[in-house]
Amino acid sequence: MREADTAPATEIDTEARYLAQARAALRAMRADVLATETPESVAADSDDVWQNTMYRMARAKRGRDLVDLPDVPLFFGRLDYEPGLVYEDAADDQPDRVYVGRRHVRDDEGRPLVVDWRAPISVPFYQATRQDRRGVRLRRRFGFSDIAELTAYEDEPLAGPAAAQGGGALLAAEIDRPRAGPMRDIVATIQPEQDDLVRAPLQPSLCVQGAPGTGKTAVGLHRLAYLLYTEADRLTNGVVVVGPNRSFLAYIRHVLPALGEVAVRQRTVEELVGRTVTSTDTAEVARLKGDPRMAEMLRRALWRHVGEPSDDLVYAQGATRYRVAQARLAELVFQQKGSARYGTGRAGLAQRVANLVLMQMERRGATPDDRDLAVVSRSKPVRALLDAIWPKLTPEQVLFRLLADADVLAEAAEDLFTAEEQAALRWSRPYRSARSAKWSAPDAVLLDELSDLIDRVPSLSHLMIDEAQDLSPMQCRALGRRCLTGSVTVLGDIAQGTGAWPVDDWPTLLGHLGKPEARLAFLDRGFRVPEQIIRYAARLLPHISPGLPAPTSVRSSTGALRITATSAVDLPDAVVRACREFLGQPGSTGLICADQDIDVVSCRLRADGLEASLLGEDEDALESNRLICVPASQSKGLEFDAVIVMEPAHIVAAEPRGLRRLYVVLTRAVSALHIVHAEPLPEALTARLEPRPPNGTGS
Ligand SMILES: Nc1ncnc2c1ncn2[C@@H]1O[C@H](COP(=O)(O)OP(=O)(O)OP(=O)(O)O)[C@@H](O)[C@H]1O
């Protein structure tokens, strides 16, 4: 890498001048947008007022989009093409040199000074290799200071003799850069295998299996930014990121805005289904409620409300009476039962009954129209008929009856759930009414399923689902119906599955999502965790996911792993010491322990004068301090420069898939992992313990 003091001064100066020129051009573009008067309509009717307001808002937005953020470099790479070389896919006006950045910048004659990383012209920056040069002679990556001053560059010639030492110093520096606060974008250093997934087409859906730290989340977010740029007109029904909890969503929340995308909502599954959760279930009941058999049981529980007409329908108009015979009504009900949705079936029945009445009116010489149809279908006798045999229902009423009434449950569960399973599902102390019932998170998903059985839940254009390995089949169905007409990017790692429904294979989960056609891709190069740590964590793999290959790492760091055995009495002191030591170094420190230990340990740290945030206490926990106390159950997807893991045995003992949780916890460190324990380490970790590393204290 050429730093400012080692590179030829003229070269850095030239590039810095180009950066200044691009900045000035961006300022001019912005001034131009803000100064351009959009012709506004002078008429005062509401359409014109609305249109004028939209014009003004659009202009203000374009102005905001063009703000030059002082700490974000305007470009990060450069491609030099063979002069005059015409290669496949090249644009007619292909320039010899292209600067790649986060947005497009042009000079006042319209010539591009910086091209957007998502534009086709930028693809060779990520994909060109010495074997497939795509006309590129040289790839240059730039290094910047914290205030976006250009301070270094690194050249990778793709033509001519191979460089003596491979490049990658800037990539390594970028990955090693100390973490502080939330996740940042990787747009400058996306790797070819990641770029392939970022730029994969909107359809078919995509599912990425990857070991910890291989960049799944980063790839998913950059993919959204790419799709919003290239496929905006096919994404007008909304794009949503779904993550496992609020802490994780807070961690990733700045990535898309930094890439210029502010309209993407970020939600947990509970938030997306939009119901208030006020109760909890035992693990056994939660597992049952996530079971795909629930879908059929709910369908039966809903449709059992449709009954048989017991009498003729009589509609009176003045002195005239129109009659629809019971047998004819029964026939209509039977036909309407074939409707896809309970609500549309009900509305359809009203219409069809009204139609029969109207036909009788016609036969008597009347000429009824649509208004009469509406009047009859909403008339008292038709409403009474519907209330009796096809009642209006809310999802809460249906689920309430199912969970409160053993007979209703038995009827709907017949041949689906055993008597023991039904007993577990039934409320032991039923609530008094559907209104007063308290619903758990799994109930919220069941209510959502019922909601969709009654009336279709609208589909979004695209969902990105992170940590998907933890979703229950019923949650998958809830997400699947939200991208029924759209597509999905599914990200996860089978080995990190800790939910009640861990997946063993992605096709099954994709089936529940309703996207069996999704492309399955794999990422295996780890960018987060140094090799020494990932090799240690991978000792758990044969016990938790025997089928998966051992993860690899692009980075190695001697002394990255330390293990300290101590007594129960000395454990808190040892943890405090470990925290102090890491706080003496740059970057973030995560102290991860079993959920049940977190309050005691965070109080202890504060009592010792260490400023620590407790994850989950507030959304900004990751930004407010360098030391974060993390309950193991919330650690998924996060990372810290240094991680202290306290008492792994407690983490393992806390839940049925405790070893998998431990695997997640051990793979959160970017630079250093220090395990502090008083109880013996889980056997899976010690069984093949290698000779003590020179810097580790061993246990
Ligand atoms: N090409 C890259 N350049 C620089 N940093 C990268 C690159 N790819 C990934 N990273 C970094 O590696 C870390 C891990 O990425 P990410 O969180 O996306 O991985 P993950 O596969 O989702 O991990 P997990 O399974 O643990 O949730 C992040 O800090 C990310 O910025």
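Just so you know, all these numbers are worked out from the coordinates, no wet-lab data involved. Computed from a predicted model, the values in this text were never measured in an experiment. Virtual Cβ from ideal backbone geometry, glycine too; neighbours counted across all protein chains shown.
What lysines does residue 289 reach when the alpha-carbon gap must be under 25 Å and sequence neighbours fewer than 8 apart in one chain are set aside?
392, 438, 515, 636
Pull up the DSSP beta bridges for the chain and report the antiparallel fraction as a percent, rounded to 5. Let's see the in-between values first.
On the way: 26 of 75 bridges.
Taking every DSSP beta bridge with both residues in the chain, the antiparallel ones total about 35 percent.
Among 527, 640, 522, which comes first, then next, by fewest other beta-carbon atoms within 10 Å?
Values: 527 21, 640 27, 522 14.
Ascending number of Cβ neighbours within 10 Å: 522, 527, 640.
Using a 10 Å cut-off around each Cβ, can you sort 433, 671 from fewest to most neighbouring Cβ atoms? Write down the numbers at each step before the final one.
Numbers: 433 11, 671 23.
Ascending number of Cβ neighbours within 10 Å: 433, 671.
Which loop-located GluC sites (Glu not before Pro) does the stretch 557-663 contain, where loop means any DSSP state but H, G, I, E or B and the Cβ has at most 11 other Cβ atoms within 10 Å?
Details: sites: 581, 611, 617, 619, 623, 639; in loops: 611, 617, 619, 639.
Those that pass, being in a loop and sparsely packed, are 611.
What shape does the stretch 313-389 have by the C-alpha gyration tensor, where a ≥ b ≥ c are the square roots of the eigenvalues, rounded means a/c under 1.5, and otherwise prolate means a/b greater than b/c and oblate the rest?
Details: a/c = 1.85, a/b = 1.69, b/c = 1.10.
It is prolate, given that a/c is not under 1.5 and a/b is the larger ratio.
If neighbour count is taken as other Cβ atoms inside 10 Å, put 400, 334 in order from fewest to most. Don't jump to the answer; show the numbers that get you there.
Working: 400 22, 334 11.
Lowest to highest Cβ neighbour count: 334, 400.
Give the shape of the chain as rounded, prolate or oblate, defined through the alpha-carbon gyration tensor: a ≥ b ≥ c are the square roots of its eigenvalues, a/c under 1.5 means rounded, and otherwise the shape is prolate if a/b is larger than b/c and oblate if not.
Working: a/c = 2.47, a/b = 1.39, b/c = 1.77.
It comes out oblate by the Cα gyration axes.
Quick query: amide H of residue 290 versus all other amide H atoms, modeled in the peptide plane; which residues come in under 5 Å with a sequence gap of 5 or more or a different chain?
Here nothing satisfies the definition.
Under 5 Å between amide hydrogens, which residues at least 5 positions from residue 629 or on another chain qualify, with H placed 1.01 Å from N in the peptide plane?
Residues meeting the amide H criterion: 591, 613, 614, 615.
Show that you can apply the helix-only estimate: for the chain, add -39,500 (n - 2.57) for every DSSP H stretch of four or more residues, divide by all residues, and state [θ] at 222 nm to the nearest 500. Before the final figure, lay out each step's value.
On the way: 29 runs with 279 residues, N = 699.
The per-residue figure over the chain is -11500 deg cm²/dmol.
Under 14 Å from the Cα of residue 337, which aspartates and glutamates turn up, not counting those fewer than eight places away in the same chain?
Hits, sequence-local ones excluded: 308.
Run the numbers for residue 369 and residue 305: contour at 0.36 nm per residue of separation, minus the present Cα-Cα distance, in nm.
Values: separation 64, 0.36 × 64 = 23.04 nm, distance 3.20 nm.
Between residue 369 and residue 305, full extension yields an extra 19.8 nm.
Amide H to amide H, which residues 5 or more places from residue 563 or on other chains are under 5 Å from it, using H placed in the peptide plane?
Placed amide hydrogens put 675, 697, 698 under 5 Å from residue 563.
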